[in-house]
Amino acid sequence: MASVLKVNTLTGVTTAGSIVVTGEGNSTTTNLQQGLAKAWMNFNGTGTVAIGDSLNTTSLTDNATGDYTITIANDMAATTYVCSYESNPDNANVALGGWLMGTFCASGSSGAPLTKTATAIRSVTRDIQGSSRDAAQPGIIFHGDLA
Amino acid sequence: MSSELIVDELTGRASAGSIAVTAEGGTVTTNLQQGLAKFWVHFNGTGTIATQDSFNQSALTDNGTGEYTSTFSNNMNNNSYSTQVTGAESGSEGISNQIGTLQRNGDYSTSQVESNGFHANSNADADNQRMMVNVLGDLA
């Protein structure tokens, strides 16, 4: 008979923020908290930008063409988290390759410093020629430790 | 002393699909269900395409050169889920600058997502030996 645990919150006993889970191979364990994505967002980056669906985010800012800042609600513990930003099809610009590469601001579109803090990250989408372009449906995911 | 819980299934008590997990810092909580990947696949998109490993995928369809459809076993709740696609060329026989991305004008629905292998230099679809797709979002 399968057992079902009904619970509202899981907290580690030894360390509140650390629970191990037996892996699929039934031998090693993995860490529940560290395996969870801590934030993600799907948004429309064209026209008036709009968040489609998200976890642990507070806002999306349109800085310029193809240039966005995603701000999260509960901060990351450090700036060394992993963040993936999806390259995105550019349905309207087939002649330019028809896709946009998602990346992060190295120096900002106007020479501003890199924005990757425990609270926010600034991302850009560019076409095959390196020009910034608005993206219709980018996806962004954060993995790492919450503060 | 460590404590061990042996269980087959976790369900939220107040809301079946929502369980909070105390985060690494020991203060705030994050959401278990929303932090879990709801779909992922690694497939070979060359020749007769083949799924290498996957989670929550019922079918993988070859729509043409560099064009693929992954059908979910359990549908997403909406089409606002977040997707990541990565692709790589065909080893030593491949051509450089191939990428994986979402399919241009492709289906992005609650039941399936279309991915695309693309060669940037030639501006054309291309089969990728390694295609990887993962999805985060809400299940129906």
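Here is how the numbers come out for the structure above:
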read-out	value
Modelled FRET efficiency - R0 51 Å, A:Thr14 with A:Ala64, Cβ distances, 0.05 increments	0.60
Estimated distance in nm for a label pair at A:Thr115 and A:Ser84, the labels positioned 7 Å out from Cα along Cα-to-Cβ	2.4 nm
Residues A:Ala77 and B:Ala50, FRET efficiency given R0 of 35 Å [Cβ-Cβ distance, rounded to 0.05]	0.30
Interatomic Cα distance distribution for the protein assembly as shown, bins of 5 angstrom, percent	1, 5, 11, 15, 17, 16, 14, 10, 6, 3, 1, 0, 0
Residues in region B:4-28 reached by a label modelled at A:Thr22 [backbone nitrogen below 11 Å; 7 Å Cα→Cβ]	B:5-8
Summed residue charge, Cβ within 14 Å of B:Val113's Cβ, Lys/Arg positive, Asp/Glu negative	-2
Neighbourhood charge, 13 Å Cβ-Cβ cut-off, centred on A:Ala77 and excluding it, Lys, Arg +1 and Asp, Glu -1	-2
Dipole in debye (nearest 20) - chain B, about Cα centre, beta carbon charges: Lys, Arg +1; Asp, Glu -1	300 debye
Pairs of alpha carbons in chain B whose separation is greater than 20 Å (percent)	53 percent
Cα centre as origin, Lys/Arg/Asp/Glu Cβ charges: the protein assembly as shown dipole, Debye	600 debye
Gain upon complete extension [B:Ala88, B:Ala14; 0.36 nm per residue less C-alpha separation]	22.3 nm
Residue order, fewest to most surrounding Cβ atoms within 10 angstrom, among A:Met1, B:Met132, A:Met76, A:Met101	A:Met1, B:Met132, A:Met101, A:Met76
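Read the figures in this text as sums done on the coordinates, not as results from a lab. What you see is a predicted model; the values in this text were computed from it and never measured. Neighbour counts are summed over all protein chains in view; Cβ atoms, including those assigned to glycine, are modelled from backbone coordinates with ideal geometry.
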